[in-house]
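**Q** Below is one structure. I have some questions about it.
The values are calculated or read from the model by the stated rules, or taken from the named source; none is laboratory data. The model shown is predicted, which means the values in this text are computed figures rather than measured ones. Here the Cβ positions follow ideal geometry from the backbone for every residue, glycine too, while neighbour counts run over all protein chains shown.
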């Protein structure tokens, strides 16, 4: 009998669209071959192959269903994953028995069928089928099924990557990314790491008052050494829940990277850290585009002027088109209300981008300047400043968490709880 990897799950009678906050971990570098019977399913699988979470997978599609799969593997090795579409019940079971005779051990099989029957599902599980998806399927159904083969259900919350980028240089995207990461760690009690990707001029080390001898450059220039232990040694601890992967901020070398230069670092961070905040510099290259498209959630920071509006609109449109199965990027306005400066209203931004800004952060050079010069976060300078609530709001939206950690109880807590109950 062929040794398929098994993955149990609850049978769902109807395919439902994914919730907004659903987190699907990306698939590793695997080969996937799909054998479809209908053009609709083939189109869904083709669309799934273009999703960012299957960006590393090599996907091949052909028509013919079960019969074509059996014939194809009589003289060829099987891939890591086979996706089979089938209309019948008896033909499906007998076909799987035949496929087992020509299939390599360790290959995982996903079946797309139209029969919603628990007995059939049990027979498929008994034969070692990894997943059964009820047709008709959408692209996200295929993405979810394939990706979940390689991630444990209890680990789905691990490894959320948040990318923060400025629509224009000098809009304060780094400052916001660092303060949002602080809110994620302090107020949401999530372990987080800030990765400063501006290797030449990054400011995360200054903002967190850290000067580590090693950082992200050591990982990028030594990709063959990157593993969990190596990356852990490069992290600088800022608080109990927040770590920093600092940029060298030196000009003794140039930082020209290939498109996939940061892949090994991101993959390693995903496996060990619940939240990774990428401070992406304002430049357009293969690797910055790849980092943005590959992130789980994106925040665009813009100032209220025409150039920012144009750039934010261009970024928004490109990312929406490149990530059709993800929620659209979020954006916020920063440095709002500079004296005597003509500004474009938030309503005009919302009309052009067809989305409301998550927050509009006022221009307050005194407190933001003091925080930057002292190597502190806004919350450390002024615990009750109104921008702190905005950073928390951004953190909640980006992480999908709506509640902050509970405050410490006081002697009056029991009495207050009783009064609230009444």
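**Q** Would you point out which residue out of 164, 125, 143 is in contact with a helix residue (DSSP H, G or I) (Cβ under 6 Å, 6 or more places away or on another chain) and outside any strand (DSSP E or B)?
**A** Sole residue among the options that is in contact with a helix residue (DSSP H, G or I) (Cβ under 6 Å, 6 or more places away or on another chain) and outside any strand (DSSP E or B): 143.
Yes or no, residue by residue, for (1) in contact (Cβ under 8 Å) with a residue 12 or more places away in the chain; (2) assigned to a helix (DSSP H, G or I); (3) under 12 Å from residue 146 (Cα atoms):
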| position | (1), (2), (3) |
| --- | --- |
| 40 | yes, yes, no |
| 43 | no, yes, no |
| 46 | yes, yes, no |
| 66 | yes, yes, no |
| 116 | yes, no, no |
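**Q** Identify, please: which residue in segment 102-115 is farther than 23 Å from residue 25 by Cα and under 32 Å from the mean Cα position of the chain (by Cα) and is, among those, modelled with the lowest pLDDT?
**A** Among those residues, the one meeting the criterion is 105.
**Q** Pick out the one residue from 54, 99, 93, 59 that is under 13 Å from residue 127 (Cβ atoms), touching a residue at least 12 places away in the same chain (Cβ under 8 Å) and in contact with a strand residue (DSSP E or B) (Cβ under 9 Å, 6 or more places away or on another chain).
**A** 99
**Q** Please work out if residue 126 is within 18 Å of the chain's Cα centre (by Cα), assigned by TED's automatic domain parsing to the domain that holds residue 55, surrounded by fewer than 23 Cβ atoms within 10 Å (Cβ to Cβ) and over 30 Å from residue 309 (Cβ atoms).
**A** No; evaluated as a whole, the condition is false for this residue.
**Q** Moving on to the next point. Inside segment 242-256, can you point out the residues that are buried (at least 20 other Cβ atoms within 10 Å of the Cβ) and part of a loop (DSSP other than H, G, I, E, B)?
**A** The answer is 246, 247, 248.
Matching residues to (1) over 30 Å from residue 307 (Cβ atoms); (2) in a helix (DSSP H, G or I); (3) not assigned by TED's automatic domain parsing to the domain that holds residue 281:
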position	(1), (2), (3)
97	yes, yes, yes
101	yes, yes, yes
121	yes, yes, yes
179	no, yes, no
182	no, yes, no
194	no, no, no
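**Q** Just to be sure before I move on: is residue 204 touching a helix residue (DSSP H, G or I) at 6+ places or on another chain (Cβ under 7 Å), assigned by TED's automatic domain parsing to the domain that holds residue 277 and either touching a residue at least 12 places away in the same chain (Cβ under 8 Å) or on the phi < 0 side of the Ramachandran plot (or both) in the structure I sent?
**A** Yes.
**Q** To continue, here is another question. Within segment 290-310, work out how many residues are surrounded by 16 or more Cβ atoms within 10 Å (Cβ to Cβ) and not in a strand (DSSP E or B).
**A** Final tally of qualifying residues: 12.
**Q** Give the residue that is farthest from residue 210 (Cα to Cα), with candidates limited to residues of segment 370-382 that are under 29 Å from the mean Cα position of the chain (by Cα) and assigned to a loop (DSSP other than H, G, I, E, B).
**A** Top of the filtered list is 377.
**Q** So residue 159 fits all but one of (1) surrounded by fewer than 23 Cβ atoms within 10 Å (Cβ to Cβ); (2) in contact with a helix residue (DSSP H, G or I) (Cβ under 8 Å, 6 or more places away or on another chain); (3) under 21 Å from residue 334 (Cα atoms); what number is the exception?
**A** Here residue 159 clears every test but (3).
**Q** What do you reckon, is residue 318 crowded, with 19+ Cβ neighbours inside 10 Å and either more than 14 Å from the chain's Cα centre (by Cα) or not in a loop (DSSP other than H, G, I, E, B) (or both)?
**A** Answer is no for this residue.
**Q** Then there's this: Could you tell me how many of the residues in segment 383-405 are surrounded by 15 or more Cβ atoms within 10 Å (Cβ to Cβ) and assigned to a loop (DSSP other than H, G, I, E, B)?
**A** The number of residues fulfilling the criteria is 3.
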